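The values are calculated or read from the model by the stated rules, or taken from the named source; none is laboratory data. Please read these numbers as outputs of a predicted model, since none were measured by experiment. All Cβ positions, even for glycine, are placed from backbone atoms using ideal geometry, and neighbour counts span all protein chains on display. Ligands, DNA and RNA are excluded from the accessible area calculation, which covers all protein heavy atoms including side chains. Shrake-Rupley method; radii C 1.70, N 1.55, O 1.52, S 1.80 Å.
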Amino acid sequence: MAMVDAGQLRCIRLALFGALLAVAPAFAGTDSIPCDASLKTRQVAQLLFGRNVADQMRVSEADWSDFVAREVTPRFPDGFTVVDAVGQWRDARRGSILHEGSKLIEIVLPGSGDDRNKIEAIAEAYKRRFEQQSVGLIISQACVRF
């Protein structure tokens, strides 16, 4: 077996320490804060709605309010949050960055078996009514309390 001198051992230790530092953030991000007794674990859906059609604002506040009253409220009558936003995306056809007035709806899902179907129905209704290519959807776990 070959002997390692003190200088080589120091280099090996530094290399191992560097590798540990490089890997540690990946493991740190996997830990989550558990819900305590005052919180419930629930799924939260975020739906992202663009308001432009052919580069022009086409979904007015009145149109949006009517859509929410007809499509969202009946499906989630216990409540949700609506946030005004500005979306940014790259138009692959033009190769440019575009900005667009948007709405974000956040719903703490009740946990019924048809939550996903209700969300999909809202997205499809919006795409159909306002000639949209897509509605963004993010579903995540959360600790909630009301």
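What the table below lists for this structure:
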{"read-out": "Amide N proximity, region 130-146 versus residue 36 label position 7 Å along Cα-to-Cβ, cut-off under 17 Å", "value": "143-146"}
{"read-out": "Exposure ranking of 58, 129, 90, 51 by accessible area [1.4 Å probe, largest first]", "value": "90, 58, 129, 51"}
{"read-out": "In sequence order, calculated HN-Hα J values of region 77-85 (Karplus, 6.51, -1.76, 1.60; Hz; x Gly/Pro)", "value": "x, 6, x, 6, 10, 10, 10, 6, 9"}
{"read-out": "When region 92-146 is reduced to its Cα atoms, the Kirkwood hydrodynamic radius in Å", "value": "13.9 Å"}
{"read-out": "Long-range amide H partners of residue 58 with built H, under 5 Å", "value": "52, 53"}
{"read-out": "Nearest-0.05 FRET efficiency for residue 97 and residue 70, computed from C-beta distance (R0 41 Å)", "value": "0.80"}
{"read-out": "Heavy atoms of residue 73 accessible to a 1.4 Å probe, total area in Å² rounded to 10", "value": "60 Å²"}
